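The values are calculated or read from the model by the stated rules, or taken from the named source; none is laboratory data. On a predicted model such as this, the values are computed, not experimentally measured, just so you know. Counting neighbours? That spans all protein chains shown, and the Cβs are built from the backbone with ideal geometry, glycine included. Remember, those area values only see protein heavy atoms, side chains included, never the ligands or the DNA or RNA. Shrake-Rupley method; radii C 1.70, N 1.55, O 1.52, S 1.80 Å.
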Amino acid sequence: MSKPLLSVQDLCIDFISEDERVPAVKNISFTVNAGEIVAIVGESGSGKSVTALSLMQLLPKQAIVNGQLLFSVKQQQTIDLKQATEKEINAVRGKDMAMIFQEPMTSLNPVFTCGYQVIEAIQLHQQLSSAAAKEKTIALFEKVKLPDPISIMNRYPHQLSGGQKQRVMIAMAISCNPSMLIADEPTTALDVTVQKTILELIKELQLQSGMGVILITHDLGLVADIADRVLVMYKGEIAEQGSTKAVLQNPQHPYTKALMGCRPAMHQRGERLPVVSDFMAPQPSNEVAESIQSEEIVSPQIDISHNSEQGIRLKRKETHDRDVVLKVENLKVYFPGKKTLFGKTPMPFKAVDDVSFTVSKGETLGLVGESGCGKTTLGRAILHLVPASSGNIILNGVNLAGLSKGAMKPVRKDLQIVFQDPYGSLNPRLTIGAAIQEPMKVHGIFSSNFARKDKVIELLEKVNLKPEHFNRYPHQFSGGQRQRICIARALALNPSFLIFDESVSALDVSVQAQVLNLLNDLKREFHFTAIFISHDLSVVRFISDRIMVMNKGKIIEEGPADEVYFSPQNEYTKKLIAAIPGKKLKVEG
């Protein structure tokens with residue numbers, strides 16, 4: 001039997017912080033063979049990315065690493081990566097062991113073209129001329145299925161979509177035919193169809209070259225069709241490991257069951273999603289059933305009954321007693337096209353193309369589609385954050401389309417948004433207390449800062465944060481906590497209408513479950529109406545009463561949430577649903 005490509009033995013990683021030693025990885029061992037994909041799964045802080053960075057020797061100086069990291073270079077010479085000199089590591093890194101990082105935009109240099117950056121990586125490790133390196137780069141771009149490789153050679157990272165940037169990173173990673181590829185959350189926040197394509201591409205390249213792959217992710221559903229083995233990490237330790245089939249079909253550790261059970265695709269719409277603590281310290285079965293039943297939300301628009309053939313049968317109920325809060329009529333948002341030669345009039349880009357719909361009081365409307373379909377532009381046009389080219393936006397009887405910036409100020413008090421990136425939405429120089437108080441000051445809510453502070457503390461408690469968090473800064477919170485802060489800020493003015501723009505797309509599955517549960521709780525308490533924008537149909541189906549599917553600026557399908565999800569009519573909707581990772585996984589016990 002041939003020796004493993006990588007053998008990690010008794011790996012321990014500690015960080016020194018203010019004379020305190022904080023353990024990040026605790027005595028873990030595993031192997032990766034050539035031609036094998038091993039998935040390391042866990043939430044943020046579980047130690048999975050730190051483990052990968054230790055293999056590449058990319059940890060900061062504050063890290064203390066112990067254990068053996070044995071890597072077989074081209075199945076010949078075996079070196080201990082921990083003991084290797086800087087020269088030896090530089091020879092291995094990028095050539096024999098490559099890494100795809102989570103965020104391609106920050107991994108690529110914004111001042112160099114994509115082609116130049118891949119050529120640079122090739123020439124660093126291979127004795128090739130500029131012309132030969134350029135030809136190889138074009139061939140690599142073709143291999144990773146980038147459209148128009150010659151054109152992309154001369155484009156900068158900001159000119160590509162998220163999926164295209166990730167393909168450039170993959171091309172760079174495989175440019176030197178590495179024996180080992182580490183993919184650290186390569187599909188986080190990507191559209192489900194792009195996500196599926198990227199994973200299929202990694203699998204295809206692995207089969208072609210026979211390299212070993214470590215796939216790092218927080219979503220067990222992603223690994224179902226791609227990984228050979230799975231390692232589940234929890235608080236720096238390996239909670240469970242084994243073949244993908246064995247782990248997914250019969251998980252043994254409560255944490256593994258939690259990662260699978262927290263996913264919205266596993267639950268009926270309106271159920272209270274379980275979180276990790278429910279599995280680590282489970283309630284008696286009758287209490288769990290009662291708590292779920294008490295939290296159940298039944299759509300006022302549909303009846304759900306079981307059917308042996310289809311699983312679910314949906315019947316529309318006519319409803320005429322729900323007031324329309326928002327009415328969008330023939331909305332168009334066009335952006336000027338790029339200038340053409342010979343003075344020809346540029347064709348405009350139709351981001352939103354003649355869209356009409358209504359949202360009723362207390363309803364949550366899900367808006368789903370891939371990046372570039374126009375869903376975020378539609379949401380921002382409603383908020384007057386981008387100008388509409390034509391059409392009407394009628395909120396509570398007032399047509400917003402013709403309002404000036406000054407006239408929009410009182411409307412904004414009633415119309416709020418929660419953005420995708422909570423860290424980018426918060427001012428890093430303001431405490432979260434000041435950030436939540438700010439909209440109240442702008443709109444003259446309460447007469448004193450003391451009254452506003454009391455309201456902020458009340459809101460913090462509503463979103464499951466603590467009063468002592470008032471004076472902390474955004475960087476002192478996790479991603480899920482920051483999103484809760486942004487939700488609290490959006491609720492500070494007690495708006496009747498909220499827009500959630502990809503507000504859970506980059507969160508761990510268990511944190512996502514907590515935020516979705518929180519939104520359902522807040523909907524019942526504050527009675528707001530909402531548009532929930534996402535690329536993930538399973539999340540939209542869970543949180544929404546009704547779904548609209550958007551493609552190329554147009555609404556191509558709409559209807560009750562379960563009806564669209566379980567009985568889609570449009571081919572594009574079917575494609576989105578088919579791309580949902582691990583949709584058919586079941587949790588036993």
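Pairs linking a residue in segment 82-103 that is more than 24 Å from Ala506 (Cα to Cα) to a residue that is of a type in the set (S, T, N, Q) and in a strand (DSSP E or B), with Cβ atoms under 9 Å and 6 or more positions apart or on different chains, are Lys82/Asn66; Lys82/Gln68; Gln83/Gln68.
Any residue in segment 531-551 that is surrounded by fewer than 22 Cβ atoms within 10 Å (Cβ to Cβ) and without any contact (Cβ under 8 Å) to a residue 24 or more places away in the chain? No; the residues of segment 531-551 include none that is surrounded by fewer than 22 Cβ atoms within 10 Å (Cβ to Cβ) and without any contact (Cβ under 8 Å) to a residue 24 or more places away in the chain. Would you please name the residue that is modelled with the lowest pLDDT, looking only at residues in segment 244-278 that are open to solvent by 10 Å² or more (accessible area, probe 1.4 Å), touching a Phe, Trp or Tyr at 6+ places or on another chain (Cβ under 6 Å) and under 26 Å from Ala578 (Cβ atoms)? Taking the candidates together, the pick is Arg269. Of the strands (runs of 3 or more DSSP E) lying entirely inside segment 184-278, those containing at least 2 residues that are of a type in the set (D, E, K, R) are 237-243. For segment 379-398, the set of residues classified as open to solvent by less than 60 Å² (accessible area, probe 1.4 Å) and more than 14 Å from Thr358 (Cβ to Cβ) consists of Gly379, Ala381, Leu383, His384, Val386, Ala388, Ser390, listed by residue number. Taking the listed residues Ala52, Ala63, the one that is surrounded by 18 or more Cβ atoms within 10 Å (Cβ to Cβ), on the phi < 0 side of the Ramachandran plot and in contact (Cβ under 8 Å) with a residue 40 or more places away in the chain is Ala52, with no other qualifying. Summed over segment 150-169, the residues that are in a loop (DSSP other than H, G, I, E, B) and β-branched (Val, Ile, Thr) give a count of 0.
Against the conditions (1) buried (at least 16 other Cβ atoms within 10 Å of the Cβ); (2) in contact with a helix residue (DSSP H, G or I) (Cβ under 8 Å, 6 or more places away or on another chain); (3) closer than 23 Å to Thr377 by Cα; (4) hydrophobic (A, V, I, L, M, F, W, C), Ile432 satisfies every one except (3). Being under 20 Å from Arg380 (Cα atoms), in a helix (DSSP H, G or I) and open to solvent by 50 Å² or more (accessible area, probe 1.4 Å) narrows it down to one of Arg524, Arg489, so name that one. Unique residue meeting the criteria: Arg489. Take Arg541 and tell me if it is charged (D, E, K, R), in a helix (DSSP H, G or I) and in contact with a Leu (Cβ under 9 Å, 6 or more places away or on another chain). Answer is no for this residue.
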